[in-house]
Every structure is written in C-alpha cells, then in structure tokens.
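*Asks:* Encoded as structure tokens, here's the structure I'll be asking about.
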Amino acid sequence: MKSIKYISIALMLIFTIGITSCDLPDNQNPKAATEVPVNTLFTNALISFANQVNSSSVNSNPSRLLAQYWQETTYFDEARYNFQDRGISDSYSSAFYKDVIMDLKEAASIISATDATGSLAIENANKLAVMEVMSVYSFQCLVDAFGNIPYSEALMGSENSSPSYDDAATIYADLLSRISSAISSMDDSYGSFGSADILFGGDVASWKKFAASVKLRLGIRLADVDASAAKSAVESAYSAGVFEAGEGALFYYNGVVPHVNTIYSHFSVSNRKDWLPANTIVDKMNELGDPRIGKYFTQYEGEYIGAIYGLNGAQSYNNFSNFTDRFMAATFEADLLSYPEVAFILAEAAQRGWSVGGTAEDYFNSAVKASIVYWECTEAEADAYLAANAYDAANWKESIGVQKWIALYNQGVEAWAEWRRLDYPILNPPEDMTYADIPVRMPYPYDEEELNPDGYAAAVSAMGGDDMSIKLFWDKN
Amino acid sequence: MKKIAIFLSILLFMGNLVSNAQTKTLTGTVTSAEDGSSIPGVSVSVKGTTLGTVTDIDGNYNLKAPGDASVLIFSFVGMATQEVSIDGRSSIDVQMENADITVDEVVVTALGIQREKKSLGFGATELGGDAVSEVKETNFVNSLSGKVAGVQIRQANTMGGSSNILIRGTTSLTGNNQALFVVDGVPIDNANTNTSNQTSGWGGYDYGNAAMDINPDDIESITVLKGAAASALYGSRAANGVVLVTTKKGKHKKGLGITINSQVQISKADKSTMPKHQKLYGGGYGPFYEDPTAYFFYADIDGDGVEDLITPTSEDASWGAAFDPNLMVIHWDALDPTSPKFGEKRPWVAPEHDYTYFFETGLKFSNNVSFEGAHDKGTFRLSYTNVDENGILPNSEIKKNTLSFAAVHNFTDKLSVDASITYVKTDAVGRYGTGYDEGNVMQSFGQWIETNVDFKRLKEDYISPDGRQRTWNYAYYDELVPIYFDNPYWVRYMNFQDDERNRFFGYAALNYKITDWLTFTGRTAIDYYTQIQNERVAVGSNGTSDFTKRTRTFNQRNTDVMLKFNKNINEFSINGIVGGNFYQSNIESTTGSTVGGLIVPGLYTISNSVSPVSVSESLQEKGMNSAYAQASVGYNNFVYLDVTGRYDVSSTLPDGNNAYFYPSVSGSLILSELGGMKDASWLNFGKFRMNYAEVGNDAPIYSTTSTYSQGTNWGDLALFSVNSTLQNPDLKPERTKSYEAGLEGRMFNDRFGFDISVYKSNSYDQIMPVLVSRSSGYTSRYVNSGEIQNKGIELSLDVTPVRTSDFSWDITLNWFKNKNEVISLYEGVSNLLLTSAWDVTINNTVGQPAGVIRGTDFVYTNGQPTVNENGYYMISDAEDEIIGNVNPDWNAGLINKFTYKNITLNVLLDMQQGGDIYSINTKYGQATGVYAETAGTNVLGNPMRDNVVSQSEGDMGAHFGGGVPLSDAASNSGGTILPGVKADGTPNDILINSGRWGRAFYYNNSPTARYVFDASYLKLREVSLAYTLPKAWFNNTPIQNLTLSAVGRNLWIISKNTEHFDPESGLSSGNKQGIESGAYPTARTFGFNVKIGF
C-alpha cells in the first residue's frame, strides 16, 4: 500500500507541475511601449494641436458657433450656449493639456535627458524651441477660453494632481517671455524634427516666423490692458520676422481617416448634416458684397441665405446655403496662424502708433487682399471690394474687427477671441436672449470643482465667478 | 456485470478468510428511497474500524463485523450518508436518499468541501438544480432572481445578454463586483468582454457574461456563499460572494439511466415594457419646411406639374402635421424613381403597422439527453444539450451545444480519481445592438422616429433591387441616403454581427486516503476558450461601412494540493484542510477593423479597408500563489468553531507589497441541543451563528507601470502619446472586513422555518483609477484609497400551511435589504465618476450609496417641482445634484408551491422596492413628440399641440418664453400646464407651448430629474405546472418516469412606475447601472417541457 501512496503523490505532483507553474509573471504589459522615439510624441502632439484648433466637434470646440459662423440644424443646444450636456469645457481643456502640452513636455524631457554635442545639440535646442511655440500657442488658447488656469503647477502628474490656478495676466507675461526665448534659441542653419514635422518639414526658419507671429498675437491681445507691454511685444515680434504674404502655419491633412479635416469628418465620415452657415456671417458678407461668399458658401435658390443664429427651433439643411466643396475635402487645411491675421495685427499696431514698418491702411488692405486671394478670388475682386469697403481709421475697431472676422472664418478660436477684444462685428443674440448672454468666456471644466476644489474655488473668487459673462483681463470694453 | 459480481464475491470470500472468530455476519439490502430500486456499489463500513464492503449488483451486502460493532455507515456518491445502529440485528435494510433532497444535511462549501450545514458559521443558501433547469433561461444566472435572499440580479433584455449579479451589495468602488462562479470547486471565468462603449451605453453588442456557459441541465445544485467568511478560502477572487455550482454526477438509476429532457419555449415582447407612441401627428420637428403649412417637403414628384406634399423624411421626430385622412402625401417609399411605388400618394394617417410590428415571436428549443450510471467502483455521467434560440428581433439566433462528461473511479478503498470536462460551443448571429447607437433599433423606436412610418412597408422595402438602402429617414426627397437612421430591417439583415465561442472547462483530481481521517487531494482545473466576434456595417448604411473582428483566447489554470482531515476524538469532531493553490491566467486578444469604410461592398475582411487597417492587441498574464488552511472543531454536535487563513502572493502588485494574509473565524451554536430546548417537541432545529472575516484583494493587471498609448499612424509616422491614466508603482492590497450573525430555526414538525442574517462589511484601501484635474497632464491615476460599507439584513421564511398525504402547499419568502455607503474616497475627493450618460452621471459619492445619479434637479416648493413665471420648470443651479440612487431599498421573492399527488404548481413573485433609473428613451422620446403624452388635449379640451392663445393678446405664436395663465387663456388655447407649483406655492396654471421641438417637452427646458424614475416592480417571474405520469402506466416499457410541464417566465409585470420601459433594464453587467438607453422590451416566455427517464 505504501507504494500506491508514493505513486499517487508522484502522479499528483507531475500533473500539478505540468499544468501550472509557481513562477509569477512580471506584471509588465508586453503589448505596450514603455519607451518610444521622441519624434512619435512630437508628431502626435502636432496633430492633436491642429485638430483641436481646427475642430468643429460639438463635444470639444464650439468656437465656430461662438463666432457665429455656423448654426446647428436640428440639435441646437450648443448654439444656444448649453455647453454642459456634453462637457465641452472638459474636452476643450483636456485636448490642450493632455493631448498636446503633456506630450510636448514628455518629448522635451526625453530630449533634455540626452547627451548631445555639436550639431546634434543645436538640433535638440531647435526641437525644444519648436515645441515651445506649440506649448505657448496652446496655453494662450486655454487662457483665452477660461481666464486663470493651472499653469506653473500644471502637468506634474503624480506630484500634483490638483494644481493651483495662476493669474491670467501673469501667464501672458510668462508666455511672452517663453516665446521670446524660443525665437532667440532657434538656429535656422540647422534642422529640427525633419520629416516628423508635418507642418514645416523640419524647417526652422518657418518655425521662427510662426513663433514671432504667435508673439505678435500675444502682444496685440494685451493692447487694451497693458499698452506698453503690447507695444514692446508687437514691435519685437515684428523685427524678429513674422509671416509675410503667402506664408502661414497651414496644416494640411493627409486625407486618410482619421487624419482628415474636421468638416469632411463630420459630413463625409460621420455622414451627418448638423451644420449650416449662420445668418450672422452670410448677411454681413452679402451686405459688404464680399467675393469670398461664393467660396465659403453655396447658394440656395440663387441666393446666399444663412440659418438664423441661435433660433430655438430646427432649421432644415435643405432650405439654406451650405458649405462649398473646398471645405468638404479630406485634406482641407487647418489654419493655425497665417499672413492675413499677421497683417491685421500690424494694421492695428500701426493704427495705435507703434513702429511696425507700415501704415494701418496699407496693412489692412494687404490683409484683406491676402485673404481674398487665399480663398481663390482675383486681385481685381479684392481691389473692388476694398474700394467699396475702405479702411476707416476713425472707426478702425469696426473696420479691422469685421474684416478680420470674415478672414478668420476657418479659425473659430481666434475669431471668438478677437470679437471679444475688438467688439466687432455685431453678433446676433439667440432667440429669447440678450447681447450680454453671448459668452465672453468658457466656464471651467464641469468636474474641476470636484477634482481640484481648492484651486477652482480660488480661481472663481479671483475671476469674480465662473460664468460665461465674466470678461477676461484683456477684454476691456 | 456478472464478472464484477464474481470478482466481488471472491473479494468477500477472501474477507471471510481473514476475519476472526468473534464476528457476527450482517446482511441486508440497500435501496433508493426515491424509486425503491436497489443500489449496487454502496460502501458499508463498521463505524470506528476500517472494516467494510460494498453492495453487490442487487444491492445486497454481507459483512463480517466485530462482535462489539454497534453502528454501520452507509455511503454513496450523491446520496446522504447514513449511520445505522445495529441494535443486535443481523439483517439491516437501508433506504438511501438523494443528498440534495435534505437541505439540512450536507452542503458544498468553498473549494468543494462538503460540510454538515449545521456546523456552518456563515450564511449559505442551497438551491436544487431544478431552480434553474425547470424554466430555462439562456443565461442561467437570471433564474436566480428572487430565489436567494441577498442576491440581486439585473438582466439585460437582449438575446444572450449579460446578467448583473450582486451579492450583498457593491464592495468595490470601481472594480469588479460580480460574484465568483465556481463549478465543482473550480473557479470559472465570468468576464464581461463587452466594449467599454457598450457598458457605458454608447453602442455595441452585449455578448453576455461568461458564466452563462454553465448549462442548467447539468446543474445538480447551487450554493450561494454570501459573506466573506463563507468565501474566504477562495481568496480575493471571492470578495463579492460565490455562486457554487455542483454539476450532476452519475447516480444509479433504475432502468437504463438515460434521461431525455426537451423544452420548447416561445417568447413575445411584453407590450407593457415598450414605449407608447402617440397616434395623432406624423414626422417633423415643427413647421419648418417648404409647403404652405410648412409641415411637408414640397416638390412635384409625380410629374403632374403640381407640387406634392412629401413627408419631411430628413427628420427623426414627430412634431409634424396632424394626421388627416384627406391629406394625400408622398411617403418615403414613393421617392425612389426606380421603385414601382414612385410618386404614389397615400393618406396622412397613423400607420396600420406601427413599430411593435417589428418584434417577432421568439422560439427556443432545448434538448438534453444524459446517460448516467454507477457501478461498484464509481460513477459516470455523459450529457449532451442542444439549445437553438431565435430572439424577438428579426435575424437573431443563438445555437449552443454543450457536451459534458464526469466520472469517478475508485481504484482502491484509498485511491480514487474524479474528473469532469465540459465543452460548450456557442454560435450567434444577429445579437441585438445596444445603447445610444443606430445599431440598436430601439434607439430609434424609443427616441427618434416618425410616427407616420408603417413598419410592414419598411420590411418589404428595405433594399432596392440594385442593393441600395431604402429608409424612412432620407436626407431629402431627392437625396436618397439615410441622414440619421437606417431602415431597422437594414440594420438587422445587413448590419448584423456573428460570433462563436468554443470553451472547455473541467478538472481532474486524485484523492488518496492516507488514513481513515486524512485524505490527500490534488486537483487541477482549466478553463479555456476562444471567441471570435465579427461586426459589420454594410456599404450604403448611414454610418461608415465597417468590419471589425475580435478574437480572444482565455486560458485559466488552477491547481490545488490539499490535505483534508476529519477526526472525532471523544465529543470533539475535528475537520479541516491545509492546501495550496497555484493560479495562472493568460488572456490574449486582438481586434482588427477597417478604417474609413469598405472598398468592396459585402466583403467582410479586415483588409477590405479604405484606409490602413487598425489592429490592437492585448496580452494579460497574471499569476497568484496561495496557501490556505481551515479547521473546524465541533463539540458534541452542539458548538462549532471554524478558523481559516489564506496567504496570497499576486503578480499584479509590486514586489514587497504583493503578499498578504487574511483570516476568518466563525462559530455556531446549535440551540436545539441546549438543555432546555432539547426536549421541546415543537422545535426541530435551532442555530445561532456568528463570524468575522477579512479578505484581501490585488490590483487590476498592469496598473503599476505606465506605458504609452498608440494612435493611428500618419503615413509612415508612428504616433505615441502619454497614457491618460497614470499608473502607480506603490500599490498595496485592498482589504475587506466583515461581520455577520445569523439565527435559523425549524419547528412544528418542519412546517415552519426561518433563517435570518445581519451583516456589515467594510472594504478599505481600494485600488482604483480616480479622475484627476486634467491640467495635471492625466485624466486619472491609480490610488489605494477609499472605504465602502455594506450593512444588511436577509430573511428567509418557509411555511407549509397545508400538508396532507395528497396535497401540500409550501411557501418560501426571501427578503433582503442592503444599505450601502461610500465612507471615503481619496484625499479631498468626494465624488468618483463611474460613467456619464449625456447630462447625468453615475457616481460613487462620499456619504451616499454606491451608484448615485447626479444631474440637474427641480427647484422644490413644499416638495413640489416649481415653475418659473413663464410656466417652465425651474432648474437647480448646480449641475451635480443627487437626483437618484440605483440601489433598491429592498428585494423580495415569494415562491408558492402546490403539490397535489403528481401535480406540482410553482409560482414565483419577484419584487423590488425602490432604486432609481434614468431614462434616455423618455428624455428623447418626449422631446421628439413621439411619446403618447406629447399629444392629446389639454385642460381646456383643446389639442395641446395648438398654439397658446391669450384672451388679451390673441395667438401667442409657437414661441418659447412666457406662457399664459389659465385665467387669461382663450377658450381655444392649446398648450400644456406642467405638473407642479408656482414660486408662491400655488398650483401651476400657466399654459405653455407644447407643439414642437424645443418647448414644454424639451429636455433643455427641464431638469434632468424629470427623466429619473422609481425602479420598483412586482413581477410574476416564473410559473411552472408539472405533472408526473403515474409509474403504473409504464410498467411494461423501458420508461421509468415521465414528467410533463408547462412553464412561463416574465409573464406579467404586476406593477411598475415606468411607463415606457421595464424598470429592470440595464445596459450590461458591471458597475454602470441605473441607465435605460434604448432598452428592449422584456420577452415573456411560455414553454412546454417533457422529461423522460429510461
């Protein structure tokens, strides 16, 4: 009987060991990367950046509604400024912090940790400067949306899950200083990200102009609140070399899903028709005889008709002007910042008496003409249009405000900011609302009160509230 | 068999040779109490010795016993062991009973250990297999609803969908709260592999929970171990309670041992669980279109030079023109120039066939045949089950084939092996789409539809002869592509999915009896399956055409090595176990899908992709090594004390923190053995029990190391991003501590019994991803934090009001209440978001039960919703008011069983009190003017959809804004008065417009609390009527028994507070409960069953 016992125990051990072993796996995910090439983080951040600036998603970027370029057909909640249902502030904030700036920060820390000498060191410095441009631009978008935001304590991961909020004006000052050092640290005789840079193909000179133009934008935004800082920023940006006619940061999609333009994505990929041109812009362009109207919109029964902005009712896609084919192309570019905007800023700077190498009127004409040509109208059309709608120095805010708004049609985020600052054009309050109900600020992400209670409370108290009616520090009228 | 008998005789003869002279010979016959047949192979032994024998082929035994022998022990697999006093007899006949009949004898507990129920210090409820096999559900878990106190089931109304099972409430803030399923001592995977989109309600198919592979026909009994003390030996995997399934083993049967069981069931959608549509107005959002009334498109379709009225097909709401049989309209199916119906005009009336026509009669056949037998050295059972089910939606079918084999073989008195293997093959076509997605036809039927659409016409005309889709929801009268919704028949016949799962699970064990009190067992078990899921969106659909294929291979191995002891020393009985478990699992999955659409229509391969394909892979490897021990000491069958301990080393925790120990202690006192009570004739049994237990738990896999996430390549550029979840290298184990006390009793000749339990459990240091401010660069991070508490009471009563020789009436009542509270979360965090569904969120909030619904609330005056001066509801300032709680106040089940001779009637009522559910269907179905309450007459007797008309100002138009007080309303005024009060507390009397999208029935003019409903229900859950034909009828046939039964499930919802859906509706199994989104109707099933034993 003893032998049976031993046989059975031996059998048992054999089949125990055969099927299960007592070595524990190491809990490292074999199907996910713990180290990646730095370029992959950069390219990803660049795409996320262009996507968010350009996006027309009702979930993450309502700026084309806020600027009253578009109206919604049947589901009009966002056009009537209900941003809560879809947590739009949350997505807007997340897209910049997490999808853009965090990846840039990660890439920068990998680059900074590498030992490089000689030309490699210079290329690395260029790479860091290139990424600074996108970071600064992104932070400006965040400040312009919310006001005070987490900045100096932001993006620290486990070290600080609930960063405090910094004062918006202080952040602006720091962004100006950061963009200035980025400009000065770029050496355009060396390369940067090469083919991973799908915006400028690694061309540092282009990035330098982009950086100076970003600085120009930061500077002009301060014009009404800190004229001397604004002047010095604009003048130094100008002398550093900003975009010239025909130039700009135009991000062309490769047209392969998911890397497609936002409008194509909505109408062709998602196969929906939730957008219509708003009467606000259609009426204005009709009124001014703008040649771009046929480039922006199609006709309905021989006319350009926009849907009533903010109507508390459905409007049929088939009964209004729609969008032209150019917008419907998968590869249609995202305009991040280009010459017409630069020229409008320079026009305003000249008007304010700052030294930017030209007159307000010249820059104004040059801006309008560049935009009209960009939209594939002729120079003759541009001249005729300018003749009919000449620059009015006495009402320069209206001249620049309205024309800049028309030119920024494909840049909702910037258009909404500049409408707030210049107070032109005159928008249409939605049905049953007043002009004061048109948002001049985005409410903080809805879960911030929960997730970062101290920081949120301090910020709300500093801002005077968390409403859409709280004006930002640079919005002075 | 003869040879075996001869062999046995020789053995017995040899036994005679070695026996000494001072012996007595005992003989007798062992028969079955069930049918009187003799049982061969029964072990007969003399208590206190190793002497023994087994019964022969005719159930006879002959045993030489020592002269002083006083007790014989009769034991046989599957039957209750009996001890019989010899009392000087030489002939002792014994009748043996099936073990599962007498619930107070032996129950299966953790690790498959059989224990005397009276010795248990914790709550365990046992059900016979017929509780799940008599009225079969495709997912047997559903059958537990109402039958066990403490077990809450929520079923999805999808064919083959998942069933959410909570035992004693939510114990994990964000992790798995589902019970562990154990078959024959071995844990079985119960994963829900649905996508997070599906479980969050954004769409996808519900593939069910993996425990549904357990075949109800093979279940002998089910034991539910509720508290941590009951399940502590299983370790962390059992922290949420255990459902122990014991499968049928071979038993001796009179006759051939073949049983055939056939059931046919039909199912019908229960109309009371379907959205009620209005029948007065047709499609549109309001007067926004082209004809002079602005309710229709307007163009000359039939070419007669006159413009025709055309349904506004581009709309998915029903705020259109009032039905009018004199209005001739071109409907959607008359717009395609290639259709013979082109240009056909039909009256503008409510359709003859509304959406309820879409639901078909489901049909399900279940056939089972089993072969079983027993012989002197063991038993076996082979069972084959085929289930073929067609659901209530077109083109839906599940086929399931289950083959299982179990055997026990005793090589010697000491050495035995037993093994069991089950193979399950599931093939499904056309599972139901779920959630807020066009793949779910209920999203349209419950929310977005034109009430003028005739469904018979949709069925007849969903595809054109050249393969284009025809739908009611064309983008425009001359743009014949869907704008929002596909034709639902296109969804079912063109965009269907299919899937297949092949699964093996089973175990093999060797038992060696070292001495009469010590047994060594080695057992190894596997659970292995592969599943393939194919999902399609056809070219021509509203969404981008697509093919997605998911494969998943699951492989789990458990090996236990155990030393069991069982010894009586004087008045003490000691039994216990010392053992070790080695657990490993590998889960590998790959998902491939087309991107940007399909190139070749109808070719469903991943490579048929417009853009480069998307492939994602995952491999999860986990292991755990454990040691455990349990000891139970009993004194004089009167007091029992149990102690257990388990030590786990898990791979998912960081080194240094990955080993943890947890103990439990439980005790019971048999009150009926107490001095004063012992002689009380009214008391049959009484017991008091108490326990304390701790359970540890490890971390979700790979939550200790951060990795990058990968995006879709840009050309040849790869894209990586910092993962949005920050992992934590410093995690430590979670811990649950629980207390429980219980009292049970049986009295008045077993005609009244009760079992009551109270418990409290707290779970600490929960490992969970908490949301963090996204300005930190992450959206969430893993932390060890938080505490959740469950307190509850469970009561079971059984009463036999009538018991005569022919008739008996048994009542069983289960009632339980669990009070759950989130005590703390993380640092300053007071809320943990589980999921968000449009404008509500499901949360764990400090100081609240797990799973509160938050959103905007009414503003209350004297407890009534308050309207503003315009007559619309005032909405709370805060967007995150607590407006509901998904947990019920209590649940109850009432079983009435009537037996008259051979006829048995079983009636189960299932009840839930309280709990809330947020209805996305109702939110949109009202806003779109589809639901019945959006049409009809107002207090003035006028159509509520007409404009509000004021005496002083005339027609106010359809505008949003100020309403008109009833006192100023013209006699012909339309409009609606919302139920509630004005700010001064007086009843609301303000008529507001309610005739189009964006007015009185619009969600953005309403707090989200308007769509939160009480989920209480009382259901007639199950009825079965069985008739066992008299044995005498089959005297000269091989038939041993024949039972016919008629069964029904979900027959009648006796009461509920939700107009348009079943309050039990859920999206899937998991923590995201309390949301109804596109819920399917509940299927009522009726069946007929024949069971024949040969």
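Each reported figure results from applying straightforward, stated rules to the coordinates on display, with no laboratory input. Just so you know, these numbers come straight off a predicted model, no measurement behind them. Note that we place each Cβ from the backbone using ideal geometry, even for glycine, and neighbour counts take in every protein chain shown.
*Asks:* Expressed as cubic angstrom per residue, what is the convex hull volume of the alpha carbon set of the stretch B:618-667? The partial results should precede the final answer.
*Replies:* Numbers: hull volume 4.4 nm³, N = 50.
In the stretch B:618-667, the Cα convex hull volume per residue is 87 Å³.
*Asks:* Rounded to a whole number, what is D in µm²/s for the stretch B:508-554 from Stokes-Einstein with the Kirkwood radius over alpha-carbon pairs (20 °C, 1.002 mPa s)? Working shown, then result.
*Replies:* On the way: Rh = 15.3 Å.
Diffusion coefficient, whole number: 140 µm²/s.
*Asks:* With r as the distance between the Cβ atoms of B:R468 and B:E500 and R0 = 25 Å, compute the FRET efficiency 1/(1 + (r/R0)^6) and round to 0.05. Please report the intermediate quantities before stating the final value.
*Replies:* Working: r = 31 Å, r/R0 = 1.23.
Plugging the Cβ-Cβ distance into 1/(1 + (r/R0)^6) gives 0.20.
*Asks:* Something else now. In whole percent, what relative contact order does chain B give with Cα contacts below 8 Å and a gap of six or more residues?
*Replies:* On the way: 3187 pairs, mean separation 121.6, N = 1094.
Dividing the mean separation by the residue count of chain B yields 11 percent.
*Asks:* Report the normalised scattering of the protein assembly as shown as log10 I(q)/I(0) at q = 0.06, 0.07 Å⁻¹, calculated by the Debye formula with identical scatterers on the alpha carbons.
*Replies:* Here the Debye-derived log intensity ratios amount to -0.69, -0.90.
*Asks:* Show the residues, 5+ positions off or on another chain, whose built amide H is closer than 5 Å to the amide H of A:D166.
*Replies:* Here A:I149, A:Y151, A:S152 satisfy the definition.
*Asks:* What is the mean projected area of the alpha carbon convex hull for the stretch B:40-94, to one decimal in square nanometres? Walk me through the numbers before you get to the answer.
*Replies:* Working: hull surface 14.5 nm².
Average of the hull's projected areas for the stretch B:40-94 equals 3.6 nm².
*Asks:* Per-residue Cβ counts within 10 Å, from other chains only, averaged over A:34-41: what number is that? If you can, show how the numbers build up before the last one.
*Replies:* Details: counts 4, 3, 8, 2, 1, 4, 10, 5.
What the average comes to for A:34-41 is 5.
*Asks:* In square nanometres, what is the average projected area of the Cα convex hull of chain B?
*Replies:* Values: hull surface 202.5 nm².
If I average the Cα hull's projected area over directions, I get 50.6 nm².
*Asks:* I want the local charge near A:F200. Using Cβ-Cβ distances under 12 Å, sum +1 for each Lys or Arg and -1 for each Asp or Glu among the other residues.
*Replies:* Details: positive: A:K208, A:K209; negative: A:D188, A:D197, A:D203, A:E247.
Combined, the nearby Lys, Arg, Asp and Glu give -2.
*Asks:* Tilt of helix B:2-18 relative to the longest C-alpha principal axis of chain B, in degrees (0 to 90, nearest 10)?
*Replies:* On a 0 to 90 degree scale, this one is about 40.
*Asks:* Please list, in order along the stretch B:1080-1092, the HN-Hα scalar couplings obtained from phi with the Karplus expression 6.51 cos²θ - 1.76 cosθ + 1.60 (θ = phi - 60°), rounded to whole Hz, x for Gly and Pro.
*Replies:* Per-residue couplings from phi come out as 7, x, 7, 8, 8, 10, 10, x, 9, 10, 10, 10, 10 Hz.
*Asks:* Quick check on the exposure proxy: order A:V413, B:V429, B:V1023 from fewest to most C-beta atoms within 10 angstrom.
*Replies:* Details: A:V413 24, B:V429 16, B:V1023 19.
Fewest-to-most Cβ neighbours within 10 Å comes out as B:V429, B:V1023, A:V413.
*Asks:* Report, to the nearest 10°, how far helix A:396-407 tilts away from the longest principal axis of the Cα atoms in chain A, using its own Cα long axis and a range of 0 to 90°.
*Replies:* The two axes meet at around 50 degrees.
*Asks:* Taking the beta-carbon count within 10 Å as an exposure proxy, list B:K622, A:K476, A:K295 from fewest neighbours to most.
*Replies:* Details: B:K622 20, A:K476 12, A:K295 16.
With the sparsest Cβ surroundings first, the list reads A:K476, A:K295, B:K622.
*Asks:* Ok, one more. Give me the mean projected area, in nm² to one decimal, of the convex hull enclosing the Cα positions of the stretch A:276-405.
*Replies:* Values: hull surface 37.4 nm².
Over all viewing directions, the stretch A:276-405 projects a mean Cα-hull area of 9.3 nm².
*Asks:* List the relative contact order of chain A as a percent without decimals, with contacts defined as Cα pairs under 8 Å and 6+ residues apart.
*Replies:* On the way: 754 pairs, mean separation 92.6, N = 477.
Dividing the mean separation by the residue count of chain A yields 19 percent.
*Asks:* Then there's this: On the Cα set of chain A, report Rg and Dmax in Å, please.
*Replies:* 26.1, 114
*Asks:* Would you mind computing, in nm to one decimal, how far apart the modelled labels at B:T293 and A:K295 are, each placed 7 Å from Cα along Cα→Cβ?
*Replies:* So the label points at B:T293 and A:K295 sit 4.6 nm apart.
*Asks:* Pairs B:K64/B:K377; B:K276/B:K1019; B:K268/B:K400; A:K127/A:K369; B:K271/B:K901: which exceed 31 Å Cα-Cα? Spell out each step's value before the answer.
*Replies:* Working: B:K64/B:K377 21 Å; B:K276/B:K1019 20 Å; B:K268/B:K400 21 Å; A:K127/A:K369 34 Å; B:K271/B:K901 37 Å.
Beyond 31 Å between Cα atoms: A:K127/A:K369; B:K271/B:K901.
*Asks:* Let me make sure I get this right: for the stretch A:99-238, a, b and c are the square roots of the gyration tensor eigenvalues over alpha carbons, sorted descending. Under 1.5 in a/c it's rounded, otherwise prolate if a/b > b/c, else oblate. Which is it? Mind showing how you got there, number by number?
*Replies:* Working: a/c = 2.21, a/b = 1.22, b/c = 1.81.
In terms of gyration-tensor shape, oblate.
*Asks:* What is the P(r) of the stretch B:788-905, as percent of Cα-Cα pairs per 5 Å bin from 0?
*Replies:* Distribution as computed: 2, 9, 13, 12, 11, 10, 9, 8, 7, 7, 6, 4, 2, 1, 0 percent.
*Asks:* Whole-Å semi-axes of the stretch B:430-520's equivalent ellipsoid, largest first, each the root of 5 times a Cα gyration tensor eigenvalue?
*Replies:* Numbers: eigenvalues 598, 43, 19 Å².
Computed over the stretch B:430-520, the values are 55, 15, 10 Å.
*Asks:* Return B:I421, B:I449 ranked ascending by Cβ neighbour count within 10 Å, so the fewest neighbours appear first. List each step's numbers first, then the result.
*Replies:* On the way: B:I421 15, B:I449 27.
The most exposed by this proxy come first: B:I421, B:I449.
*Asks:* Treating the stretch B:99-240 as a set of equal point scatterers at the Cα positions, no solvent, please give the Debye-formula log₁₀ I(q)/I(0) at q = 0.17 Å⁻¹.
*Replies:* -0.98
*Asks:* Between their Cα atoms, which of B:K147/B:K687; B:K564/B:K817; B:K249/B:K513; B:K118/B:K513 are more than 27 Å away from each other?
*Replies:* Values: B:K147/B:K687 22 Å; B:K564/B:K817 37 Å; B:K249/B:K513 21 Å; B:K118/B:K513 25 Å.
Long pairs (Cα-Cα over 27 Å): B:K564/B:K817.
*Asks:* Moving on to the next point. How much net charge surrounds B:T856 when only other residues with a Cβ under 13 Å from its Cβ are counted (Lys, Arg +1; Asp, Glu -1)? Before the final figure, lay out each step's value.
*Replies:* Working: positive: B:R854, B:K923, B:R1010; negative: A:D85, B:D839, B:D857, B:D877, B:E879, B:D880, B:E881.
So the environment of B:T856 carries a net charge of -4.
*Asks:* Can you return the lysines within cross-link range of A:K231? Criterion is Cα-Cα under 19 Å, with same-chain partners fewer than 8 residues away left out.
*Replies:* By straight Cα distance, A:K231 reaches A:K209, A:K215, A:K397, A:K476.
*Asks:* Could I ask something else about it? Mind checking the dipole of the protein assembly as shown: about its Cα centre, +1 per Lys or Arg Cβ, -1 per Asp or Glu Cβ, Debye to the nearest 20? Walk me through the intermediate numbers first.
*Replies:* Details: 117 positive and 178 negative charges, 1531 e Å.
Computed about the Cα centre, the dipole is about 7360 debye.
*Asks:* For the protein assembly as shown, build the charge dipole from Cβ charges (+1 Lys, Arg; -1 Asp, Glu) around the Cα centre, then report which of A:W405, B:I883, B:V561 sits farthest towards its positive end.
*Replies:* B:V561
*Asks:* D for the stretch B:513-612, whole µm²/s, Stokes-Einstein with Kirkwood Rh over alpha-carbon pairs at 20 °C and 1.002 mPa s: what number?
*Replies:* Numbers: Rh = 18.1 Å.
Estimated diffusion coefficient is 119 µm²/s.
*Asks:* Amide H neighbours of B:G284 under 5 Å, at least 5 residues apart or on other chains, H built in the peptide plane: list them.
*Replies:* The answer is B:A317, B:S318, B:W319, B:G320.
*Asks:* Continuing with the same structure: What are the ³J(HN,Hα) values, in whole Hz, obtained from phi via the Karplus relation 6.51 cos²θ - 1.76 cosθ + 1.60 with θ = phi - 60°, for each residue of the stretch B:750-763 in sequence order, with x given for Gly and Pro?
*Replies:* With coefficients 6.51, -1.76 and 1.60, one gets 6, 8, 9, x, 9, 8, 10, 10, 10, 8, 8, 9, 10, 10 Hz.
*Asks:* Give, to the nearest whole percent, the P(r) tail of the stretch B:963-1075 beyond 19 angstrom, counting all Cα pairs.
*Replies:* Values: 4516 of 6328 pairs.
Summing the P(r) tail past 19 Å for the stretch B:963-1075 gives 71 percent.
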